[in-house]
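The values are calculated or read from the model by the stated rules, or taken from the named source; none is laboratory data. Everything numeric in this text was worked out from a predicted model, so none of it was measured. Glycine also receives a Cβ, built like all others from the backbone with ideal geometry; neighbour counts cover every protein chain displayed.
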Amino acid sequence: MMRSGSTLQYQITKDIVETSGTGYALGWIETEDFPMLHKRYEQESRNIVAKTHAYIDGIGEMIIGGEAKAIYVHRDIRDVTVSLMNKRNKSFWYILLTTPFIELVLENHRNWTAQTGILISRYEEMVANLKQEVLRIASYLNVPLGEVEAAHIASKYALERQIAKVKQLETQDEDSVNMMDSELLFHRNHIHSGDVGQWANTLTKFQVGVVEALVKDKLQTSENYEYGVSVSPAIIYMIKALNKVVVPIKGEGLSLRERFRR
């Protein structure tokens, strides 16, 4: 799930396979490039780590067949919304009405979590115990890793260090508007605070209710996030209708959907 610590998971996974000598990383890949990359590296015996958000067709069969592994993380959608607002320096209504944000998050979440054999993490638990997340990923990859080694890796990616690294990169590369580090996959404004529950002090009660209404039937049951603000179904219907009209206009057709995947 975007804005949910997937870059952190990538960094940890990359670190584990590279320091153990069991693989290497390719960085970010576009889903349409996956068939070509799979063909290029299908004879490679080592682990190859790549990051993407959108679901890759056929990956489920590859996981079941032992050809691939997938690691996914999700987060309270209200915090995801605030995180995206901060990263793009846009208002709540801009994000909700002029981007396919909710649609893509729900689509990717549904597709990834439906697969058998993938490792699924919860952002709130991951940041609360990063060493345990390192151990979970190493175990999933069948890479032996001790407590001391896991603690060392976790310390490298502690939140305060990540924030400092992003600020350092922003200072060094003031002209960059997108990717600033192809190794760590950091973008400008990549991390605002990383706090859990920041939505409560950022969104209005009405905005909270809108987000909850848009996702509760699709996320609440399986992810156990508590939603409690009611908004008129008529208002939600209107918001969905406006999004369907504004997104194509704002994004010049479907191109916005593709640009927004990253």
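Restricted to the range 119-201, the set of helices (runs of 4 or more DSSP H) holding at least 2 residues that are over 22 Å from residue 81 (Cα atoms), within 19 Å of the chain's Cα centre (by Cα) and at pLDDT 95 or above comprises 130-140.
Within the range 207-222, is there a residue that is surrounded by 10 or more Cβ atoms within 10 Å (Cβ to Cβ), modelled with pLDDT of 85 or more, assigned to a helix (DSSP H, G or I) and polar (S, T, N, Q)? Checked the range 207-222: at least one residue is surrounded by 10 or more Cβ atoms within 10 Å (Cβ to Cβ), modelled with pLDDT of 85 or more, assigned to a helix (DSSP H, G or I) and polar (S, T, N, Q). Selection of the range 223-262 for residues being at pLDDT 75 or above and polar (S, T, N, Q) yields 230, 232, 243. Selection of the range 18-48 for residues being under 20 Å from the mean Cα position of the chain (by Cα) and either under 29 Å from residue 150 (Cβ atoms) or free of Cβ contacts under 8 Å to residues at least 12 places away in the same chain (or both) yields 25, 26, 27, 28, 29, 32, 33, 48.
Reported count of residues in the range 124-154, each being polar (S, T, N, Q) and either over 24 Å from residue 191 (Cα atoms) or surrounded by fewer than 12 Cβ atoms within 10 Å (Cβ to Cβ) (or both), is 2.
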